[in-house]
Amino acid sequence: MVRPADLPTPSLLLDLPVLCNNLATMARRMADKGVALRPHLKTAKSAEVAMLATQGQAGGITVSTVAEVLAFAGHGFRDITYAVGIVPGKLEPLVPLVAKGVKVTLLTDSVEMARVVSQTAAALGVVFDVLVEIDSGGHRAGVLPDSPALLDIGRALHEGKGTRLAGVLTHAGHSYHCRNRDEIRTVAWAEREALVHAAGRLRAAGLPCEVVSAGSTPTALCGEDFSGLTEMRPGVYMFMDVHQLMLGVCGAQDLALSVLATVIGHNRPAERLLLDAGALALSKDTSATEIMADIGYGVVCDVVTGRPYANLFVTDVHQEHGICAVPDPDLWDRLPVGSKVRVMPNHACITAACHEAYHVVDHGEVIDKWKRFGGW
């Protein structure tokens, strides 16, 4: 039997029962709300996780890179939404998939790109379904629901020879900046309102709008009204992380992902404990939310039980060093040099991206190793 503590460090650990419970919880919630679940795999980047996440679902998935489209299509997924604004230079690698019957749905918020993508796709001999991205308050990308550009983009996609207007899509990423579930509910309401209004405008103009796609883990789990939506695209719900925990979206028992690390030094004069998991194992991603100001880069936990040590956080990172301010002198003896710990990351997406594979853990035993996809 191989246990997590037997692995080299740093290693990425994935608790299989917790993962499966998180997947089942989201599947039940979306079924209860009458909304299709199209899991976002940009965090997982794993065929094994994708297969578990789509069990009992329609089978559609969401990705964020061309490399992910190609990788998941290679594992048999045939309904893939590429949820990043498209440009013509990204089309050519996708053409063979579409020609073989894989449905690759694209995204744009630009009438110029809508026209150029349609022309380019037609010249390549294929037709892509395309969604219009809506800004529902995050202000990262998308057109406002009331913008005249919405109808211009819709017409360009509908009338173009290489595109079909599929509908509208938004991502309420600003839900990550909320401080509690009540604030998330407000964002979820605005997310739905923006999409339903945009969809109504397209339909009133005589344009098709089959897909009305929302999605973020906080709004999927905290939203109350999903009427008018056809699908949700959450992603980090599979693993959860400390950020979601602090938002009140999940409980500590729902954290499926952790990084195994070794204590490699004691700096007693500075009251610092050193780990071999630094920026390249944990990332440099900290929360922008003040409720997590003291947590730093991750919560340090017991390697066997997964329980956190009181007030022991990775407070700073260098490339290969994680630095923990030691709040209790007893920790020098409890965590001698050479001992191992688990670090629960703030943001599972970025931490997972630091690693090539998951070491899959089931009731304290390492049972498998699942490779992750990389590249763009």
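The values are calculated or read from the model by the stated rules, or taken from the named source; none is laboratory data. Predicted model, so just to flag it, every value in this text is computed and none were measured. Note that each Cβ is placed from the backbone with ideal geometry, even for glycine, and that neighbours are counted across all protein chains shown. Only protein heavy atoms, including side chains, enter the accessible area calculation; ligands, DNA and RNA are left aside. Shrake-Rupley method; radii C 1.70, N 1.55, O 1.52, S 1.80 Å.
Just a few scattered comments:
- If only residues of region 327-372 that are open to solvent by less than 20 Å² (accessible area, probe 1.4 Å) and assigned to a loop (DSSP other than H, G, I, E, B) are counted, the one that is farthest from Ser216 (Cα to Cα) is Leu335.
- For region 26-39, residues that are in contact (Cβ under 8 Å) with a residue 12 or more places away in the chain and either in contact with a Phe, Trp or Tyr (Cβ under 9 Å, 6 or more places away or on another chain) or open to solvent by 30 Å² or more (accessible area, probe 1.4 Å) (or both) total 8.
- Gly125 more than 30 Å from Val187 (Cβ to Cβ), under 28 Å from the mean Cα position of the chain (by Cα) and open to solvent by 20 Å² or more (accessible area, probe 1.4 Å): no
- Selection status of Gly34, under 17 Å from the mean Cα position of the chain (by Cα) and among the small types (Gly, Ala, Ser): no
- Matching residues, region 256-301, being at pLDDT below 95 and open to solvent by 40 Å² or more (accessible area, probe 1.4 Å): Lys284, Asp285, Thr286, Ala288, Glu290, Ile291, Ala293, Asp294, Tyr297
- Matching entry among Thr120, Thr65 (being open to solvent by less than 60 Å² (accessible area, probe 1.4 Å), among the polar types (S, T, N, Q) and in contact (Cβ under 8 Å) with a residue 60 or more places away in the chain): Thr65
- Residues in region 159-192 that are within 30 Å of Arg115 (Cβ to Cβ), in contact with a Gly (Cβ under 8 Å, 6 or more places away or on another chain) and charged (D, E, K, R): Glu191, Arg192.
- The residue that is farthest from Gly60 (Cα to Cα), counting only those in region 75-96 that are open to solvent by 30 Å² or more (accessible area, probe 1.4 Å) and of a type in the set (A, V, I, L, M, F, W, C), is Val87.
- Condition check for Gly248 on (1) modelled with pLDDT of 95 or more; (2) crowded, with 17+ Cβ neighbours inside 10 Å: one failure, at (1).
- Every pair of residues 6+ apart whose Cβ atoms lie under 6 Å, when the first sits in region 339-357 and is within 13 Å of Arg372 (Cα to Cα) while the second is open to solvent by less than 10 Å² (accessible area, probe 1.4 Å) and part of a strand (DSSP E or B): Thr351/Pro345; His355/Leu12
- Selected residue (only one of Thr43, Thr9 is of a type outside the set (D, E, K, R), open to solvent by less than 50 Å² (accessible area, probe 1.4 Å), over 16 Å from Gly235 (Cα atoms) and assigned to a loop (DSSP other than H, G, I, E, B)): Thr9
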